[in-house]
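Novice: The following block contains the structure, expressed as structure tokens.
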Amino acid sequence: MSTGTERTAAPRQEVATPHSGTLAGRTTTDRGAGAGGAAGKGPAAGTTAPTLRPKANLKVRFNRDRSLVFMALPAVILLAVFAYLPMLGNVVAFQDYSPYIGIPDSPWVGMENFTRVLADPDFWLAVKNTLVITAFQLVFFFPIPIALAMLLNSLVNPRLRAAIQAVVYLPHFFSWVLVVSVFQQIFGGAGLLNQSLRANGWQAVDVMTNPDTFLFLLTSQAVWKDAGWGIIVFLAALSAIDPAQYEAAAVDGANRWKRMWHVTLPGLRSVIVLLLILRLGDSLTVGFEQMILQRDAVGAEASEVLDTFVYYTGVQNGDWSYAAAAGLIKGLVSLALILTANKVAHIFGESGVYSK
Amino acid sequence: MSTLTNKAPVATGPARPPRQPRIKPERPIWDEEPGAVAKAGKIVVLAVVVLAVLGPLYTIVLTSISSQATITQAGGLVLVPGEISFAAYQQILSGGVVTKAVLVSVGVTATGTAISMVVSILCAYGLSRPGSFAHTPILFTLLITMFFSAGIIPAYLLVSGLGLINTYWALILPSCISVFNIIILRGFFMGIDRGILDSARIDGASEWRTLTQIVLPMSKAVTAVIALFYGVGYWNAFFNAILYINDSSMNPLQVVLRSYVLQGVSVPGQVDVGTGAAAGPALQMAVIVLAMIPILIVYPFVQKHFTKGVMIGAVKG
């Protein structure tokens with residue numbers, strides 16, 4: 001992608017290419033000299049690995065590593081077409097785009113689409129729903145895998161533990177269509193719950209189509225599908241805690257709860273922070289397929305989130321430029337969120353998603 | 001490069017010793033035996049968790065293989081096994097919409113997974129040596145896409161501009177590579193002992209040969225996990241299908257499942273309630289079961305490889 005800048009670049013100063021602008025500025029503190037900087041001064045490849053290959057001039061290095069570059073090429077081409085080209089396609093957000101005219105000939109309208117989006121109450125409803133769902137799930141979803149992991153970790157019998165793990169990971173691999181279908185069969189109007197309620201002469205309850213309880217429904221579906229899978233990371237972090245710490249704490253008289261508070265939770269801290277960052281960076285992305293699947297049942301009022309707003313105004317109603325503007329706002333805000341969250345993590349002394 | 005913190009406490013390399021389930025560790029001597037209440041509480045919580053996962057699956061599978069009489073008697077979903085009948089499966093798999101959808105899903109999943117694996121393994125190996133030519137720019141090209149995605153509208157415009165609407169390629173190419181998966185593979189490849197690779201090169205092996213004959217045989221577990229991730233992704237793909245496929249005869253299974261179970265479209269044959277025909281609920285359940293069968297088949301073989309090493313490497317870096 002950016003081999004052009006490397007003619008004069010010292011080895012491993014390629015980071016400072018235009019492409020990586022945002023990241024490079026944040027991730028390379030000690031070698032921001034850019035192309036043309038003094039050669040050979042850069043430290044070994046950051047923290048990840050020592051320099052495995054000796055430095056040589058570019059031509060020699062290219063000949064030596066030719067096959068490695070060719071191997072990476074198909075993936076790079078696919079990304080260039082299906083990830084980077086669409087980024088450029090966001091120019092339609094500044095146009096009055098019509099598919100019959102095409103991008104080159106569609107009239108430019110500047111920021112008009114953005115002002116329209118920002119004045120649209122439906123857009124703000126989608127923003128509100130998105131943020132409410134994110135916040136709700138942060139409280140009622142996020143702690144569950146942590147608690148489950150600690151519970152599993154306290155089991156002494158490894159076979160039982162492995163068996164339970166195998167069971168709770170499973171729903172993660174089901175599609176949303178399947179998960180919602182399963183919920184429909186259990187909690188739907190003709191589902192198992194109402195079937196047994198009616199059989200006992202009680203009033204049937206309406207869970208799947210009630211907009212007021214939709215938030216709980218969404219969250220329980222998410223918990224059923226992904227809470228089990230979420231524990232995998234925490235189990236890994238738990239197993240990395242040195243047992244000697246527990247022993248020392250126990251010898252010093254700490255009981256079970258004190259050990260949990262003073263040994264286990266601090267041991268999980270960096271993983272929790274990491275996942276929180278990822279979650280915050282993703283806070284504008286919530287349950288897209290879940291919403292589409294249940295929109296007919298609960299109505300748009302309760303289920304409209306940013307992604308569905310973009311999808312329905314753009315693809316369904318054909319207001320392409322308008323939807324692209326909304327989508328671009330979402331993408332940029334998400335980017336800002338993840339960079340901010342990472343910055344905050346650094347301030348608190350955690351390593352975050354990427355290090356400096 | 002110093003993009004992602006690769007300071008995982010657990011090594012991602014293949015040197016990790018296999019878990020030994022047969023050695024039963026005792027409770028450490030300093031750890032007090034939990035009280036009866038705590039113990040009972042634990043058992044109840046875990047039992048509820050396991051039941052919450054398996055219970056619904058049990059009743060759905062059971063209903064799909066129950067006869068009409070049993071289903072009528074139960075008033076819907078069957079909890080106690082009664083008369084067993086595979087009529088529902090015979091009906092939906094003897095041609096028609098569901099059969100076609102299963103074939104589409106199987107085809108897309110198989111083709112897509114094969115392409116994804118080849119591209120990802122090559123890319124991960126190509127990037128597994130920091131300091132090689134263009135290593136960092138290529139890596140950044142990948143990583144940036146994890147932080148900023150273009151959005152639905154430009155993606156749709158691109159796919160339609162390429163003329164891929166209503167083709168199976170639209171279900172494969174846009175979701176063909178996951179940078180996340182490549183990073184997992186790369187982390188694993190980077191953990192392989194340099195000495196082995198060096199000796200291969202000294203013996204005259206090219207990079208291609210090193211990859212296919214040395215690295216890949218050492219990486220069976222991680223490639224199995226990644227193949228499962230990709231395969232499940234293709235099998236479960238729903239949004240791409242409703243976005244890019246308008247021709248209902250090309251619908252994959254997930255879309256068909258949605259129309260039958262969530263949108264109330266009748267499963268073909270459902271109206272025909274003559275003797276021997278399967279009941280409506282059984283047909284619906286059978287479609288649900290079809291959508292999960294491949295996962296239930298593959299999952300047990302791959303599940304044991306979800307070891308901490310692979311996963312923490314994934315999350316941390």
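The values are calculated or read from the model by the stated rules, or taken from the named source; none is laboratory data. These numbers were taken from a predicted model, which means no experiment stands behind them. Don't worry about glycine lacking a Cβ; one is built from the backbone with ideal geometry, like all the others, and counts go over all protein chains shown.
Novice: From the set of residues in the range A:73-91 that are more than 7 Å from chain B (Cβ to nearest Cβ) and within 18 Å of residue B:150 (Cα to Cα), which is nearest to the chain's Cα centre (by Cα)?
Specialist: Initial filter on the range A:73-91 (more than 7 Å from chain B (Cβ to nearest Cβ)): A:73, A:77, A:80-81, A:84, A:88, A:91.
With the extra rule that they be within 18 Å of residue B:150 (Cα to Cα), the set shrinks to A:77, A:80-81, A:84, A:88, A:91.
On the way: A:77: 23, A:80: 21, A:81: 22, A:84: 19, A:88: 22, A:91: 25 Å.
Filtering first and then ranking leaves A:84.
Novice: Taking the range A:268-304, which residues are of a type in the set (A, V, I, L, M) and more than 26 Å from residue A:234 (Cβ to Cβ)? Break it down stepwise before answering.
Specialist: So the first thing to find is which residues in the range A:268-304 are of a type in the set (A, V, I, L, M), and the list is A:268, A:271-278, A:280, A:284, A:286, A:291-293, A:297-298, A:300, A:302.
Once the filter is applied, which keeps residues that are of a type in the set (A, V, I, L, M) and more than 26 Å from residue A:234 (Cβ to Cβ), the range A:268-304 yields A:291, A:292, A:293, A:297, A:298, A:300, A:302.
Novice: If you go through the range A:318-331 one residue at a time, do you hit one that is more than 10 Å from every other protein chain (Cβ to nearest Cβ) and either of a type outside the set (A, V, I, L, M, F, W, C) or under 30 Å from residue A:207 (Cα atoms) (or both)?
Specialist: The first filter runs over the range A:318-331 and keeps only residues more than 10 Å from every other protein chain (Cβ to nearest Cβ), leaving A:318.
Retained after the next criterion (residues that are either of a type outside the set (A, V, I, L, M, F, W, C) or under 30 Å from residue A:207 (Cα atoms) (or both)): A:318.
Yes: the range A:318-331 contains one or more residues that are more than 10 Å from every other protein chain (Cβ to nearest Cβ) and either of a type outside the set (A, V, I, L, M, F, W, C) or under 30 Å from residue A:207 (Cα atoms) (or both).
Novice: Can you confirm whether the range A:309-332 contains a residue that is within 18 Å of residue A:138 (Cβ to Cβ) and not acidic (Asp, Glu)?
Specialist: So in the range A:309-332, the residues within 18 Å of residue A:138 (Cβ to Cβ) come out as none.
The answer is no, given that none of the residues of the range A:309-332 is within 18 Å of residue A:138 (Cβ to Cβ) and not acidic (Asp, Glu).
Novice: Could you look through the range A:269-288, keep only residues that are closer than 16 Å to residue A:306 by Cα and among the hydroxyl-bearing types (Ser, Thr, Tyr), and pick out the one that is surrounded by the fewest Cβ atoms within 10 Å (Cβ to Cβ)?
Specialist: Within the range A:269-288, the match that is surrounded by the fewest Cβ atoms within 10 Å (Cβ to Cβ) is A:285.
Novice: Still on this model: Taking the range B:212-238 on its own, how many of its residues are over 30 Å from residue A:179 (Cα atoms) and either in contact with a Gly (Cβ under 9 Å, 6 or more places away or on another chain) or not in a helix (DSSP H, G or I) (or both)?
Specialist: 1
Novice: For the range A:168-223, give me every one of the helices (runs of 4 or more DSSP H) that falls completely inside it and has 2 or more residues that are in contact with a Cys (Cβ under 7 Å, 6 or more places away or on another chain).
Specialist: Details: elements: A:176-187, A:192-199, A:214-222.
Here the list is empty.
Novice: Do we find that residue B:160 is more than 10 Å from chain A (Cβ to nearest Cβ), surrounded by fewer than 23 Cβ atoms within 10 Å (Cβ to Cβ) and farther than 30 Å from residue A:280 by Cα in this structure?
Specialist: Details: more than 10 Å from chain A (Cβ to nearest Cβ): no; surrounded by fewer than 23 Cβ atoms within 10 Å (Cβ to Cβ): yes; farther than 30 Å from residue A:280 by Cα: yes.
No; evaluated as a whole, the condition is false for this residue.
Novice: Being buried (at least 17 other Cβ atoms within 10 Å of the Cβ) and farther than 28 Å from residue B:32 by Cα: is that true of residue A:246 here?
Specialist: So residue A:246 does not fit the description; no.
Novice: Condition first: touching a residue at least 40 places away in the same chain (Cβ under 8 Å), facing another protein chain (nearest Cβ under 9 Å) and under 34 Å from the mean Cα position of the chain (by Cα). Can you find one or more residues in the range B:35-56 that meet it?
Specialist: Kept after step one, since they are touching a residue at least 40 places away in the same chain (Cβ under 8 Å), are these residues of the range B:35-56: none.
No, because not a single residue in the range B:35-56 is touching a residue at least 40 places away in the same chain (Cβ under 8 Å), facing another protein chain (nearest Cβ under 9 Å) and under 34 Å from the mean Cα position of the chain (by Cα).
Novice: In the range A:242-279, which residue that is closer than 28 Å to residue A:171 by Cα and within 11 Å of chain B (Cβ to nearest Cβ) is modelled with the lowest pLDDT?
Specialist: Going residue by residue through the range A:242-279, those that are closer than 28 Å to residue A:171 by Cα are A:264-265, A:267-279.
After this cut, where a residue has to be within 11 Å of chain B (Cβ to nearest Cβ) as well, the list is A:267, A:270-271, A:274-275, A:278.
Working: A:267: 88, A:270: 84, A:271: 86, A:274: 82, A:275: 85, A:278: 79.
The selected residue is A:278.
Novice: If you don't mind, another one. Considering only residues that are within 11 Å of another protein chain (Cβ to nearest Cβ) and part of a loop (DSSP other than H, G, I, E, B), look in the range A:92-105 and name the one that is nearest to residue B:179 (Cα to Cα). Break it down into steps so the answer makes sense when it comes.
Specialist: Here is the first cut: in the range A:92-105, the residues within 11 Å of another protein chain (Cβ to nearest Cβ) are A:92-93, A:97, A:99, A:102-103.
Among the residues that remain, those that are also part of a loop (DSSP other than H, G, I, E, B) are: A:97, A:99, A:102-103.
On the way: A:97: 31, A:99: 31, A:102: 31, A:103: 29 Å.
Here the answer is A:103.
Novice: Have a look at A:271, A:298, A:286, A:305 and point out the one that is over 26 Å from residue B:243 (Cα atoms) and either in the same structural domain as residue A:135 (by TED's automatic domain parsing) or in contact with a Phe, Trp or Tyr (Cβ under 7 Å, 6 or more places away or on another chain) (or both). It would help to see each step written out before you state the result.
Specialist: On the way: A:298 fails: over 26 Å from residue B:243 (Cα atoms); A:286 fails: over 26 Å from residue B:243 (Cα atoms); A:305 fails: over 26 Å from residue B:243 (Cα atoms).
Criteria check complete, one pass: A:271.
Novice: A further question follows. Of all residues in the range A:203-228 being among the small types (Gly, Ala, Ser) and more than 22 Å from residue A:296 (Cα to Cα), which is farthest from the other protein chains (Cβ to nearest Cβ)? Walk me through how you get there before you give the answer.
Specialist: Residues of the range A:203-228 among the small types (Gly, Ala, Ser): A:204, A:220, A:222, A:227-228.
From the residues that got through so far, the ones that are more than 22 Å from residue A:296 (Cα to Cα) too are A:227-228.
On the way: A:227: 9, A:228: 7 Å.
The extreme case among them is A:227.
Novice: Shifting gears a bit: Within the range B:133-157, restricting attention to residues that are crowded, with 23+ Cβ neighbours inside 10 Å and in a loop (DSSP other than H, G, I, E, B), which residue is farthest from the other protein chains (Cβ to nearest Cβ)?
Specialist: B:134
Novice: So, one more: Determine which member of the set B:219, B:249 is of a type in the set (Gly, Ala, Ser), over 18 Å from the mean Cα position of the chain (by Cα) and either crowded, with 22+ Cβ neighbours inside 10 Å or closer than 26 Å to residue B:196 by Cβ (or both). Please lay out each step first, then the result.
Specialist: Details: B:249 fails: either crowded, with 22+ Cβ neighbours inside 10 Å or closer than 26 Å to residue B:196 by Cβ (or both).
From the options B:219, B:249, the qualifying one is B:219.
Novice: Report every pair of residues separated by at least 6 positions or lying on different chains whose Cβ atoms are under 7 Å apart, first residue within the range A:328-352 and surrounded by fewer than 18 Cβ atoms within 10 Å (Cβ to Cβ), second in a loop (DSSP other than H, G, I, E, B) and not aromatic (Phe, Trp, Tyr).
Specialist: Between residues of the range A:328-352 that are surrounded by fewer than 18 Cβ atoms within 10 Å (Cβ to Cβ) and residues that are in a loop (DSSP other than H, G, I, E, B) and not aromatic (Phe, Trp, Tyr), the close pairs are A:333/A:284; A:337/A:283; A:346/A:352; A:346/A:356.
Novice: Would you mind telling me which numbered condition in (1) surrounded by fewer than 23 Cβ atoms within 10 Å (Cβ to Cβ); (2) within 18 Å of residue B:51 (Cβ to Cβ); (3) within 11 Å of chain B (Cβ to nearest Cβ) residue A:231 fails?
Specialist: The number of the failed condition is (1).
Novice: Test residue A:313 against the stated conditions and say whether it is buried (at least 20 other Cβ atoms within 10 Å of the Cβ) and either of a type outside the set (A, V, I, L, M) or at pLDDT 90 or above (or both).
Specialist: Numbers: buried (at least 20 other Cβ atoms within 10 Å of the Cβ): yes; either of a type outside the set (A, V, I, L, M) or at pLDDT 90 or above (or both): yes.
Spelling it out, residue A:313 is indeed buried (at least 20 other Cβ atoms within 10 Å of the Cβ) and either of a type outside the set (A, V, I, L, M) or at pLDDT 90 or above (or both).
Novice: So residue B:246 clears everything in (1) modelled with pLDDT under 85; (2) more than 21 Å from residue A:189 (Cβ to Cβ); (3) part of a loop (DSSP other than H, G, I, E, B) except one condition, right? Which one?
Specialist: Evaluating residue B:246 over (1) modelled with pLDDT under 85; (2) more than 21 Å from residue A:189 (Cβ to Cβ); (3) part of a loop (DSSP other than H, G, I, E, B) leaves (1) as the failure.
Novice: Now, a different point. Within the range B:73-108, restricting attention to residues that are within 12 Å of chain A (Cβ to nearest Cβ), in contact (Cβ under 8 Å) with a residue 24 or more places away in the chain and not aliphatic (A, V, I, L, M), which residue is nearest to residue B:59 (Cα to Cα)?
Specialist: B:76
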